[in-house]
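Encoded as structure tokens, the structure appears first; notes follow it.
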Amino acid sequence: MKEFVLHIKESLDSQLQFIRLETGNNIKTAEMSIEILLSIIERIKKFIIKYKFKTETEEISFFKNLKPQFVSQLIYQNAVLNIETKKPYGGESVLRIYFQNELDKLKRFFDNNLEFYKYYRTSSTYLDYKYFMRGKHDIKLGLDTFYFETDHRFCTSHDYKVAKIIANDLIQVYIEDLLASLDTKEASITSVTPSLKLHWSENKTSLIELIYALYSQNVFDNGKADIKTIAAYFENVFNIELGDYYRTYLELRTRKTSRTKFIDILKVSLEKRMDEVEDK
């Protein structure tokens, strides 16, 4: 069972990474990721409903450690989709209030589930037989109402809460990155930028690839400009939010195909234009 689930998880991670690299749009990334996650979770559900756990320990391990890895990603991607689609128009102060309200929601969940947070964070096990075995729920242990409406063949009383805890950590990082992006813009853009705004129409991954190439070549301020300043400048000039560009850079490094896909295309495109001019 464990090998089957971990094999699916490895495949899922590859698919999600590919989507992040190729879409360059947080909303599109979330939408495509959700579709994949729903399909994969349904596949696991069908397997588990037919599967007979060999021991109680195996059942607890699945609902405490394995299933939440998938459901947490679904919660996270759905949260990103909601954050991005409901993001208000306005200046940085408006966005700052909006992002802070989203962080406050995470804090409220933490406050309302403090005891279980302590149990899970300290790797406690003494209530696992109630939290993570099917049909063993205890109404005195703070059950969510939706639990009674779920398919009990594929859920326990607290496996969703574990997924929610994992997801909230990811959501917090995502929101804090958005806030940090606002801080970077304020702190790093010190020079006067052109009044004419050009909008970057390629995907974000391509721009990040280009930025890191220029950074690696030390073309700004004789190599003294750091990557944060350069990225913030490009965000301002091209009216784009790059998000976690360092994580995207790490993903570029692990590409199985060309790690410099966009730069390779630029080279071919420029040479083609030069050839066309010479032929005239």
> Out of all the residues in the stretch 27-53, which are of a type outside the set (Ser, Thr, Tyr) and without any contact (Cβ under 8 Å) to a residue 12 or more places away in the chain?
Replying inline: 28, 35, 42, 46, 50, 52
> Residues 40, 27, 34: which one is in a helix (DSSP H, G or I) and either over 13 Å from the mean Cα position of the chain (by Cα) or buried (at least 18 other Cβ atoms within 10 Å of the Cβ) (or both)?
Replying inline: 40
> Within the set of pairs 6+ apart or on separate chains, which have a first residue in the stretch 251-274 that is charged (D, E, K, R), a second that is surrounded by fewer than 13 Cβ atoms within 10 Å (Cβ to Cβ), and C-beta atoms under 8 Å apart?
Replying inline: 259/253; 264/258
>> I'd like the full set of residues that are polar (S, T, N, Q) and either surrounded by 14 or more Cβ atoms within 10 Å (Cβ to Cβ) or under 19 Å from residue 178 (Cα atoms) (or both), limited to the stretch 208-261.
In response: 229, 236, 239, 248, 260
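Filter the stretch 134-172 for residues that are aliphatic (A, V, I, L, M), surrounded by 14 or more Cβ atoms within 10 Å (Cβ to Cβ) and out of contact with any Leu (no Cβ under 7 Å at 6 or more places or on another chain) and give the result.
Let us first name the residues in the stretch 134-172 that are aliphatic (A, V, I, L, M), namely 139, 141, 143, 162-163, 165-167, 170-171.
Add one more test, that the residue is surrounded by 14 or more Cβ atoms within 10 Å (Cβ to Cβ), and what stays is 141, 143, 162-163, 165-167, 170-171.
Those that are aliphatic (A, V, I, L, M), surrounded by 14 or more Cβ atoms within 10 Å (Cβ to Cβ) and out of contact with any Leu (no Cβ under 7 Å at 6 or more places or on another chain): 141, 143, 162, 163, 165, 166, 167, 170.
Evaluate the following for residue 71: is it assigned by TED's automatic domain parsing to the domain that holds residue 126 and over 25 Å from residue 135 (Cα atoms)? Give the steps one after another, and end with the answer.
Details: assigned by TED's automatic domain parsing to the domain that holds residue 126: yes; over 25 Å from residue 135 (Cα atoms): no.
Here the answer is no, as residue 71 does not meet what is asked.
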> Do any helices (runs of 4 or more DSSP H) entirely within the stretch 89-171 hold 2 or more residues that are over 26 Å from residue 37 (Cβ atoms) and free of Cβ contacts under 8 Å to residues at least 24 places away in the same chain, and if so, which?
Replying inline: 92-112, 114-121
>> Contact list please: Cβ distance under 6 Å, first residue in the stretch 237-249 and assigned to a helix (DSSP H, G or I), second residue modelled with pLDDT of 85 or more and crowded, with 17+ Cβ neighbours inside 10 Å, pairs at least six apart or on different chains.
In response: 238/200; 245/208; 245/231; 248/205; 248/208; 249/212
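In this structure, does residue 132 turn out to be of a type in the set (A, V, I, L, M, F, W, C), out of contact with any strand residue (DSSP E or B) (no Cβ under 9 Å at 6 or more places or on another chain) and within 13 Å of residue 158 (Cα to Cα)? So that I can check it myself, show each step before the final result.
Numbers: of a type in the set (A, V, I, L, M, F, W, C): yes; out of contact with any strand residue (DSSP E or B) (no Cβ under 9 Å at 6 or more places or on another chain): yes; within 13 Å of residue 158 (Cα to Cα): yes.
Criteria met by residue 132.
The values are calculated or read from the model by the stated rules, or taken from the named source; none is laboratory data. Predicted model only: the values in this text are computed from it and were never measured. A quick note on method: Cβ atoms are made from the backbone with ideal geometry, for glycine too, and the neighbour counts reach across all protein chains shown.
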